[in-house]
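Structure first, commentary second.
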Amino acid sequence: MIDTSPFGVYVHIPFCAHRCDYCDFATWSDRDHLIDPYVEACVAQLHNERHQFEGRPATSVFFGGGTPSLLEPEQLVAILNEIPRATNCETTVECNPDRVDANKFGVYADAGVNRVSFGVQSTSAHVLAALGRTHDRDNVRRSVEWARAAGIDNINLDIIYGTPGETLQDWEATLSDVTALDPTHISAYALTVEPATPLGLNVRQGTAAAPDDDDLARKYDQTESWLSSMGYDWYEISNWSKAEKACRHNQLYWTMGEYLAIGCAAHGHQRGVRFWNFRTPQRYIDAIAQNESPVAGSEQLDADASSEEAFGLGLRLRVGISIAAPSASAKACIDELATAGFVEFQQPNLRLLQPGRLLANDLTARLINAGVSAR
């Protein structure tokens with residue numbers, strides 16, 4: 001019997017042609033000589049993990065990075081072909097608009113890739129320069145056209161608001177430009193300044209301004225207003241989609257589903273255990289070559305930790321969470337937040353309203369501390 005419950009595979013491709021100034025991900029721009037052995041290691045890991053798919057094909061596959069589109073398309077397909085997939089598997093490849101062409105999308109589509117995600121961030125030249133991005137608006141447009149010409153019409157565009165020097169008008173222009181391309185999905189993230197990045201150094205030295213909370217709030221409100229008027233519904237704090245086009249793979253993360261980790265720095269979750277692979281590509285390659293596990297560490301969440309994580313993740317979703325009958329103190333906290341316009345409570349369902357989305361982490365902590373818990 002085939003198990004059709006959601007089961008994902010995340011494949012991390014850690015190579016980039018250029019590291020953006022805000023990026024704190026596990027990526028490298030000086031390790032291209034490792035690409036061939038890395039691809040071979042990913043294929044070998046999947047071969048070793050073949051038992052994971054017995055009676056349970058993947059319902060979603062996500063190639064993230066890094067820049068998966070930096071690989072030759074045949075290399076990416078070599079990895080993909082090792083993954084047993086369900087008939088309707090959602091298969092996503094993250095793409096840099098500077099690192100794609102019509103042929104690449106044709107190879108992807110022939111291999112079963114049916115969703116692509118472009119890192120756009122902004123369509124304003126000076127904002128892209130501040131982020132250390134090298135593409136421009138025309139590259140994005142061409143990339144979307146190439147993907148569609150290959151038959152891949154499920155398209156996500158990633159954008160970032162709050163970059164130093166970005167005005168409300170700049171952000172509105174970005175929203176206008178990306179919706180004009182009519183993607184099926186848009187992810188809009190507030191800029192996070194990580195200390196170990198060039199942008200973080202500039203902020204510490206005072207040569208760049210840190211994101212302003214009021215500015216971020218205004219731009220988030222602007223995002224919701226614009227995207228909803230263009231037919232996009234928010235379903236997670238930073239994600240909007242057209243009907244039936246929510247990202248199935250990311251929903252696994254937000255609902256604490258199960259997914260396998262392939263490649264260096266990749267994280268997985270199975271049977272209540274979270275695990276992660278060696279961070280650097282060389283250590284990952286070496287472990288696979290020596291027939292050793294690439295897993296660097298793992299943790300088993302206890303019942304309380306698992307409940308709190310499920311509560312925090314679930315509250316980020318439009319559907320909210322179903323909560324246990326609240327105690328007097330828990331009900332008082334909910335009533336206070338509802339009166340302030342942050343949450344809506346229609347027993348047993350608790351969900352964030354738009355002002356509450358801006359304070360999701362703080363509200364989650366307040367609710368948990370007050371004794372609110374999921375059913």
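In the condition set (1) open to solvent by less than 40 Å² (accessible area, probe 1.4 Å); (2) under 25 Å from Glu236 (Cα atoms), Ser143 is compliant with all but (2).
Taking the conditions (1) over 21 Å from Gly231 (Cα atoms); (2) over 20 Å from the mean Cα position of the chain (by Cα) in turn, Ala173 satisfies each one other than (1). Contact annotation: residue pairs with Cβ atoms under 7 Å, 6 or more positions apart or on different chains, pairing a residue in segment 12-35 that is within 24 Å of Thr163 (Cβ to Cβ) and surrounded by fewer than 18 Cβ atoms within 10 Å (Cβ to Cβ) with a partner that is aromatic (Phe, Trp, Tyr) and modelled with pLDDT of 95 or more, are Trp28/Phe15. When Gln251 is tested against (1) closer than 29 Å to Ala217 by Cα; (2) of a type in the set (S, T, N, Q); (3) at pLDDT below 95, just one condition goes unmet, and that condition is (3).
Restricting attention to segment 1-12, does a residue exist that is acidic (Asp, Glu) and out of contact with any Lys or Arg (no Cβ under 6 Å at 6 or more places or on another chain)?
As a first pass, look at segment 1-12 and keep what is acidic (Asp, Glu): 3.
So of that shortlist, the ones also out of contact with any Lys or Arg (no Cβ under 6 Å at 6 or more places or on another chain) come out as none.
No; the residues of segment 1-12 include none that is acidic (Asp, Glu) and out of contact with any Lys or Arg (no Cβ under 6 Å at 6 or more places or on another chain).
Is it the case that Ala246 is touching a residue at least 60 places away in the same chain (Cβ under 8 Å) and of a type outside the set (Val, Ile, Thr)? Judged against the criteria, Ala246 is a match.
Residues that are assigned to a loop (DSSP other than H, G, I, E, B), under 20 Å from Ala86 (Cβ atoms) and not hydroxyl-bearing (Ser, Thr, Tyr) within segment 1-53 comprise Met1, Ile2, Asp3, Pro6, Glu49, listed in sequence order.
The residue of segment 239-268 that is nearest to Pro68 (Cα to Cα), among those that are open to solvent by 20 Å² or more (accessible area, probe 1.4 Å) and part of a strand (DSSP E or B), is His267.
With respect to the conditions (1) over 20 Å from Glu172 (Cα atoms); (2) out of contact with any Cys (no Cβ under 7 Å at 6 or more places or on another chain); (3) among the hydroxyl-bearing types (Ser, Thr, Tyr), Thr197 falls short on a single one, namely (2). The residue that is most open to solvent (accessible area, probe 1.4 Å), among those in segment 323-351 that are in contact (Cβ under 8 Å) with a residue 40 or more places away in the chain and of a type in the set (A, V, I, L, M), is Ala324. Any residue at all in segment 335-348 that's of a type in the set (D, E, K, R), modelled with pLDDT of 95 or more and assigned to a loop (DSSP other than H, G, I, E, B)? Looking through segment 335-348, none of the residues is of a type in the set (D, E, K, R), modelled with pLDDT of 95 or more and assigned to a loop (DSSP other than H, G, I, E, B).
Residues checked against (1) over 30 Å from Pro211 (Cβ atoms); (2) in contact with a strand residue (DSSP E or B) (Cβ under 9 Å, 6 or more places away or on another chain); (3) without any contact (Cβ under 8 Å) to a residue 24 or more places away in the chain:
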| residue | (1), (2), (3) |
| --- | --- |
| Val61 | yes, yes, no |
| Leu70 | no, yes, no |
| Asn81 | yes, no, no |
| Ala102 | yes, no, no |
| Tyr108 | yes, yes, no |
| Arg115 | no, yes, no |
| Val127 | no, yes, no |
| Arg133 | no, yes, no |
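Buried (at least 16 other Cβ atoms within 10 Å of the Cβ) and either among the acidic types (Asp, Glu) or in contact with a Leu (Cβ under 7 Å, 6 or more places away or on another chain) (or both): is that true of Pro73 in this structure? Here the answer is no, as Pro73 does not meet what is asked. Selection over segment 205-222 of residues that are charged (D, E, K, R), part of a helix (DSSP H, G or I) and open to solvent by 60 Å² or more (accessible area, probe 1.4 Å) gives a count of 4.
The values are calculated or read from the model by the stated rules, or taken from the named source; none is laboratory data. These numbers were taken from a predicted model, which means no experiment stands behind them. Please note: Cβ atoms are built from the backbone with ideal geometry, for glycine as well, and neighbour counts cover all protein chains shown. Heads up: the accessible areas ignore ligands, DNA and RNA and are worked out on the full protein's heavy atoms, side chains in. Shrake-Rupley method; radii C 1.70, N 1.55, O 1.52, S 1.80 Å.
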